[in-house]
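Peer 1: There's a structure below that I have some questions on.
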Amino acid sequence: MQPHATPVYSATKHGVRAYMTSVCQDPTRPDQGIEYAMIAPDAVDTPMVRSLDNNRIFYWDELKDLVLGRLIKPQTIGEALLQLLRCDVINGAILHVDNQGKTFRHMECVNDGVTFDPSKVFSTSYVFDQE
Ligand SMILES: NC(=O)c1ccc[n+]([C@@H]2O[C@H](COP(=O)([O-])OP(=O)(O)OC[C@H]3O[C@@H](n4cnc5c(N)ncnc54)[C@H](O)[C@@H]3O)[C@@H](O)[C@H]2O)c1
Ligand SMILES: CC/C=C\C[C@H](O)/C=C/C=C\C=C\C=C\[C@@H](O)[C@@H](O)C/C=C\CCC(=O)O
């Protein structure tokens, strides 16, 4: 098994994802006019990330150059959120905000496809340029 830097933290994030994918399939949801979605960013330049050290995550000495070298600006997350909210249908969507080399994003659909139209979401694809 590969070593993992953040096993408990990652487990909590998967819990958030599981919660969203569960509530987004509530059969009474369409009548309530509510949609559920989430943003899953790569490392963002925030106080939490800036305060990481070997006591907070495993293998920080090995990871820090990689992580700190590709931090996403917080305002990019704001832009991503606005893009998400502009989509016609977002229920069940997970918006990835990535910054490996070039910042980009994609969405994945996690629900049963009944209320989610990926063609509409992908038509809003947007390339972020942080430079
Ligand atoms: N920074 C990243 O790289 C990153 C990536 C993916 C997901 N996230 C997630 O995004 C969230 C925010 O992360 P961050 O990096 O901005 O963290 P952060 O620690 O830099 O900021 C968190 C903020 O939340 C506030 N806060 C804490 N408890 C609160 C409460 N009970 N009520 C109101 N405000 C409260 C803190 O005062 C702080 O300002 C976290 O759930 C984190 O796991 C962060
Ligand atoms: C490898 C790091 C890369 C990217 C950042 C990413 O989101 C992962 C962070 C991983 C671990 C963070 C650990 C933080 C630990 C703490 O000391 C603590 O201050 C965090 C406490 C609560 C977090 C609650 C929350 O996520 O909402």
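The values are calculated or read from the model by the stated rules, or taken from the named source; none is laboratory data. On a predicted model such as this, the values are computed, not experimentally measured, just so you know. Heads up: the accessible areas ignore ligands, DNA and RNA and are worked out on the full protein's heavy atoms, side chains in. Shrake-Rupley method; radii C 1.70, N 1.55, O 1.52, S 1.80 Å.
Peer 1: Go through His14, His96 and list them by solvent-accessible area, largest first, probe radius 1.4 Å.
Peer 2: Correct descending sequence by accessible area is His14, His96.
Peer 1: For the range 1-56 and the range 70-88, compute the distance between their C-alpha centroids and round to whole Å.
Peer 2: Computed from Cα coordinates, the inter-centre distance equals 16 Å.
Peer 1: Then there's this: Can you list the HN-Hα couplings for the range 23-36, worked out from phi with the Karplus curve (6.51, -1.76, 1.60; θ = phi - 60°), rounded to whole Hz and with x for Gly and Pro?
Peer 2: So the Karplus estimates, Gly and Pro as x, are 5, 6, 9, 4, x, 8, 4, x, 5, 7, x, 10, 10, 10 Hz.
Peer 1: Skip the ligands, DNA and RNA, and give the accessible area per residue of the range 30-93 with a 1.4 Å probe, whole Å².
Peer 2: I get 63 Å² per residue for the range 30-93.
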